[in-house]
Amino acid sequence: GVTRLLLTRIPFFKEIIVSSFSCDSCSWSNTEIQSAGRIQEQGVCYTLAVTSRQDMNREVVKTDCATARIPELDFEIPAFTQKGVLTTIEGIIDRAVAGLEQDQPVRRATDPEVATKIDEFIGKLRQLKEGNSSFTFIIDDPSGNSFVENPHAPQRDSALVVTHYRRNPQQAALLGLEVDARPPDAAEDLRDEVLQFNTNCPECNAPANTNMKLVQIPHFKEVIIMATNCDSCGHRTNEVKSGGAIEPEGTRITLRITDPSDMTRDILKSETCSVEIPELEFELGMGALGGKFTTLEGLLKDIRDLVERNPFTLGDSSVPSRTGKLQEFIGKLQEIIDGKTKAHFVMDDPAGNSYLQNVYAPEEDPELRVEHYERTFEQNEELGLNDMKTEGYEPEGASGR
């Protein structure tokens, strides 16, 4: 025999491959179809109310993984029991009748009772073909590659309902798709994804993009890093938010800077953290510089830039008597950055959401001291915890609704 292949496109659907075989000796012929595209993102279910003879002539693409049902007769063609076919609704019923009639002569001889019931069912299928009674025809295809014709396209067909759905793990396994045994975890997905949203540049107000990513800091917790880059003026900024709740206790971290390599330690400074360098009699209050995830060197340089760019300290509006002291301070700070001077670096965060890298982790760092303390009433007031009610906040009668 001869097999012919045809790549064709069904209007308002997609491309398929039609495979047709014919034999000149016995006149047997067969037609199969295969999807020319990939498995779709979602499965599809077509529900058609067949009410007229014209509905029987609707074209149908049924892949081998699709299930066809007629609920009124409790009739179902399971998935993977037939090859994919391009036919009509009448053709699917004819194919089902031919399949049921195939072994009827044997059944009549071996099991007459079953053969009689199958004959009755075949009679019901043939009555549906006549179009004397309405019925529902359903095709459910988890691969999303089956199709039922809409003769009114591109207008809506009131008799045809198309539903797209997400495959379950069993359906994905039947299609040969890789199934992740772990349950979906939204937080896990966010760790591998960089979210982007539109905003305006804080310097020139031009449209810019802000990138946001959830990051797990080793031996600490999750934080959210947001970075904005402006293509118009070149301004770049980053900000860090804690990914967790306020800790039960405050944290005070003290690092004794003894080596230039200390400048490479990772540091997370939250918005509620204050910074102190006793040797320079310097203190940076909470809220200054915002939240930052950088290195110790990067934070000290930000402190230096904060002093240098202030017009009331070193600019035209500065007082001459103060300028000399600030120049001296910047010089000493630069010596610490260059590793020429030893100093103590103290971070005090009442919320407990700041972090300084321990390069010896999980062992103790001899130069790093971490203290936990109970917050004062004033510190709780600044964090808004005194007015925060976490228990018994539901109004009376809410539990009964």
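Quick one, can you get me the convex hull of the C-alpha atoms of segment 194-242 expressed as volume per residue in Å³? Please report the intermediate quantities before stating the final value.
Values: hull volume 3.4 nm³, N = 49.
With only Cα atoms used, segment 194-242 gives 69 Å³ per residue.
Ranking of 222, 382 by solvent-accessible surface, largest first: 382, 222 (1.4 Å probe, protein heavy atoms only, all chains present). Grab the other residues whose beta carbon is less than 12 angstrom from that of residue 153, score K and R as +1, D and E as -1, and report the net. Overall, the nearby charge balance is -1. Positive contributions from Lys and Arg (+1) and negative ones from Asp and Glu (-1), summed over other residues with Cβ under 12 Å from the Cβ of residue 100, come out at 0.
Of 50, 359, 106, the residue with the greatest mean-square motion in the GNM of the chain, using alpha carbon springs below 10 Å, is 106. Listed by chain and number, the lysines whose alpha-carbon sits under 18 Å from that of residue 241, ignoring those within fewer than 8 places in the same chain, are 213, 221, 269, 292.
At 0.36 nm per residue, minus the direct Cα-Cα distance, what do residue 302 and residue 236 gain on full extension? Give it in nm, one decimal, please. Could the numbers behind the result be given before it?
On the way: separation 66, 0.36 × 66 = 23.76 nm, distance 1.34 nm.
Between residue 302 and residue 236, full extension yields 22.4 nm more.
Calculated mean residue ellipticity, 222 nm, the chain: -6500 deg cm²/dmol, from DSSP H runs (n ≥ 4) at -39500 (n - 2.57) each, averaged per residue and rounded to 500. Per-residue accessible area (protein heavy atoms, 1.4 Å probe) orders 289, 7 as 7, 289, starting from the largest.
Taking residue 325 as the anchor, which lysines have their alpha carbon closer than 19 Å to its alpha carbon, excluding any fewer than eight residues away along the same chain? Within reach: 301. Spin-label model, residue 326 to residue 4: label points 7 Å out along the Cα-to-beta-carbon direction sit 8.8 nm apart.
Straight Cα distances below 29 angstrom link residue 83 to the lysines 14, 62, 117, 124, 129, with same-chain residues fewer than 8 positions distant left out. Residues considered: 322, 256, 369. Largest GNM mean-square fluctuation over the chain, using C-alpha springs under 10 Å, is found at 322.
Between 0 and 90 degrees, the angle of helix 112-130 with respect to the longest Cα principal axis of the chain falls at about 80 degrees.
For the chain, the longest principal axis of the Cα atoms and the long axis of helix 296-308 meet at an angle of about 60 degrees.
Computed on protein heavy atoms with a 1.4 Å probe, the accessible areas place 269, 301 in the order 301, 269, largest first.
Which whole-number percent gives the relative contact order of the chain, counting Cα pairs below 8 Å spaced six or more residues apart?
Working: 669 pairs, mean separation 51.1, N = 401.
Value for the chain: 13 percent.
Each Lys or Arg adds one and each Asp or Glu subtracts one; over the other residues with Cβ under 13 Å from the Cβ of residue 280, this totals -2. In this simple spin-label model, placing a label point 7 Å from the Cα along the Cα-to-Cβ direction at both residue 153 and residue 221 gives a separation of 5.4 nm. Kindly express, to the nearest 10 degrees and within the range 0 to 90, the angle between helix 320-337's C-alpha long axis and the longest C-alpha principal axis of the chain. Rounded to the nearest ten degrees, it is 60. Alpha-carbon geometry of the chain: the Rg and the Dmax are 36.6, 117 Å, given in that order.
Expressed in units of 2.2 N^0.38 Å, where N is the residue count, the Cα radius of gyration of segment 1-157 is 1.12.
The values are calculated or read from the model by the stated rules, or taken from the named source; none is laboratory data. These figures come from a predicted structure and were not determined experimentally. Glycine also receives a Cβ, built like all others from the backbone with ideal geometry; neighbour counts cover every protein chain displayed. Surface areas here come from the heavy atoms of the whole protein model, side chains and all, with no ligands, DNA or RNA. Shrake-Rupley method; radii C 1.70, N 1.55, O 1.52, S 1.80 Å.
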